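Visitor: My structure is below; once you've seen it, I'll send some questions.
The values are calculated or read from the model by the stated rules, or taken from the named source; none is laboratory data. This structure is a prediction, so every number in the text was calculated from the model and none was measured. As a convention, Cβ positions derive from the backbone with ideal geometry for all residues, glycine included, and neighbour counts pool all protein chains shown. Keep in mind that these areas ignore ligands, DNA and RNA; they rest on the heavy atoms of the full protein, side chains included. Shrake-Rupley method; radii C 1.70, N 1.55, O 1.52, S 1.80 Å.
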Amino acid sequence: MAAISGALVGDHRIGDVAGRIARMEIRNMPGRDAFTAPGRFYRGNIHTHSTRSDGALTPDEVCRRYAEEGYDFLCLSDHFLKQFGFPITNTEPYRTNRMTTILGAEIHAPQNSQGEIWHLLACGLPEDFPPLGDDEDAVSLARRSVEAGAFLGIAHPNWSSLSIEDGRQMAGLAHAVEIWNTGCAIECDRGDGGYFLDMLLNEGNRLGAYAADDAHFKIADGFGGWMMVKAETNEPEAILAAMKAGHSYSSQGPEIAALAVRDGRLEIACSPAGTIAVLGRGSRAESAIGSGLTEASLDLSRFSGDWCRVVVTDASGRRAWTNPLWL
């Protein structure tokens, strides 16, 4: 993917707008800031499946397809279940000088508020991660995965109909909530995890957000949502560290070039958008609405002492989401 500073926006470049913001009197962004961290943005997907569990394509074919789509990194997250032999799919042979891979899995244990197994995304597991114990619950499994070095995400909360009580169980362990799941959106219109994330933020939990495909390639469920991770190198360890630090945003297409706080306002630069919105607790929101917007300056006074997050929506309805910011 081309560096974001070279992206074209009408008759000028995003980098021109980002540069103007960078020259402002910028304070360090509160919370999880991808935009002042060193490095560059890398595009990746951390939730997808292969024939090692219930996917339609072999691991090498899945990696090949994401590489052909221009992704910089991929985590093949097959279902860590007994029926599939508790796989941690080794994708190291499919790494290239263009795309790296991170080992991981979608891990499962009894049981959520709906009486069903948990679905948790563990990106960065070792290949010898021990299987689920006979009497092990989801909290114990989640804790083990984090201790083993994984970035832990609460997968497709809307698809699973997770309750706030479910969220509370994982909020002290998880790094992020899956804010977008392409497969769940296509199959049953349950791809958006924003409301679940907001409920947990309202209770003071500091969680990030990530978008993913959850592709099985039995339908056209690939390449619909991804993370943009700011890291100094495209190596598994650097990408994982940046993800855990919250140095990322997520997208279905729009690019966010810069974000800064100046004099109580949030300055945003992005690819052409129809809406640039900041939202927070309850009905609190500020937005700029227009055609081909590439920058906005939004008042943060309503969010003071609390959290907010940015959503950029383009003319096609595709969105980009920042991690939450704590003011």
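Visitor: Can you give the relative contact order of segment 145-262 as a percent, counting alpha carbon pairs under 8 Å and 6+ residues apart?
Guide: Across segment 145-262, relative contact order equals 21 percent.
Visitor: Enumerate the calculated ³J(HN,Hα) couplings along segment 124-134 in order (Karplus 6.51 cos²θ - 1.76 cosθ + 1.60, θ = phi - 60°), each rounded to whole Hz, writing x wherever the residue is Gly or Pro.
Guide: Working through the residues one at a time gives x, 7, x, 5, 9, 4, x, x, 4, x, 4 Hz.
Visitor: Further question on the same structure: Before anything else, pin down the relative contact order of segment 141-213: Cα pairs under 8 Å, at least 6 apart, normalised by residue count, whole percent. All intermediate terms of the calculation are to be shown ahead of the outcome.
Guide: Values: 114 pairs, mean separation 24.8, N = 73.
Computed value for segment 141-213: 34 percent relative contact order.
Visitor: What part of the accessible area of the chain, given as a whole %, is carbon or sulfur when the probe is 1.4 angstrom?
Guide: Using a 1.4 Å probe with all protein chains present, the chain comes out at 46 percent carbon and sulfur.
Visitor: If you average the C-alpha positions of segment 180-228 and of segment 61-107 separately, how far apart do those two centres end up, in angstrom?
Guide: 18 Å
Visitor: Which of the lysines could be linked to residue 230 by a straight reach, that is with a Cα gap under 21 Å, when you skip same-chain ones fewer than 8 residues away?
Guide: Candidates past the 8-residue exclusion: 244.
Visitor: Does anyone have the angle between helix 236-245 and the longest principal axis of the chain? Alpha-carbon axes, 0 to 90°, nearest 10?
Guide: The two axes meet at around 60 degrees.
Visitor: Further question on the same structure: Probe radius 1.4 Å, ligands and nucleic acids left out: which of 134, 166 has the largest accessible area, and how do the rest follow? Walk me through the intermediate numbers first.
Guide: On the way: 134 155, 166 5 Å².
Of 134, 166, the descending order of accessible area is 134, 166.
Visitor: Order the peptides 174-185, 209-220 from the highest to the lowest mean number of other Cβ atoms within 10 Å of their residues.
Guide: In decreasing order of mean packing, 174-185, 209-220 become 174-185, 209-220.
Visitor: Something else about it: If you stretched the chain out fully between residue 287 and residue 164, how much longer would it get, using 0.36 nm times the residue separation minus the C-alpha to C-alpha distance?
Guide: Between residue 287 and residue 164, full extension yields an extra 41.5 nm.
Visitor: Measure nothing but the geometry: give the 0 to 90° angle between the long axis through the Cα atoms of 138-147 and the longest principal axis through the Cα atoms of the chain, rounded to 10°.
Guide: Compared with the principal axis, the helix lies near 70 degrees.
Visitor: Which percent, to the nearest 5, of DSSP beta bridges fully inside segment 48-188 are antiparallel?
Guide: Numbers: 8 of 16 bridges.
About 50 percent, rounded to the nearest 5.
Visitor: Can you send over the solvent-accessible area of residue 240, 1.4 Å probe, protein chains only, in Å² to the nearest 10?
Guide: 20 Å²
Visitor: From the Cα gyration tensor of segment 129-247, with a ≥ b ≥ c the square roots of its eigenvalues, which class applies: rounded if a/c is under 1.5, or else prolate if a/b is larger than b/c, or else oblate?
Guide: Note, shape of segment 129-247 comes out rounded.
Visitor: So if each residue of separation counts as 0.36 nm, and I subtract the Cα-Cα distance between residue 92 and residue 263, what length gain in nm does that give?
Guide: Fully extending the segment from residue 92 to residue 263 adds 56.9 nm.
Visitor: A further question on this structure: Under the rule a/c < 1.5 gives rounded, and otherwise a/b versus b/c splits prolate from oblate, where does segment 192-249 land using the Cα gyration tensor?
Guide: Details: a/c = 3.01, a/b = 1.06, b/c = 2.84.
Note, shape of segment 192-249 comes out oblate.
Visitor: Residue 230 accessible area, nearest 10 Å², 1.4 Å probe?
Guide: The accessible area comes out at roughly 20 Å².
Visitor: Using a probe radius of 1.4 Å on heavy atoms only, what accessible surface per residue do you get for segment 215-307? Whole Å² is fine.
Guide: The answer is 37 Å² per residue.
Visitor: Calculate for the chain the 222 nm mean residue ellipticity that helices alone would give, adding -39,500 (n - 2.57) per DSSP H run of length 4 or more and normalising by residue count, nearest 500 deg cm²/dmol.
Guide: -5500 deg cm²/dmol
Visitor: Looking at the chain only, what percent of DSSP beta bridges run antiparallel? Nearest 5 please.
Guide: Once the DSSP bridges in the chain are tallied, antiparallel ones form about 75 percent.
Visitor: Using only protein heavy atoms and a 1.4 Å probe, report how much of residue 49 is accessible, in Å² to the nearest 10.
Guide: 0 Å²
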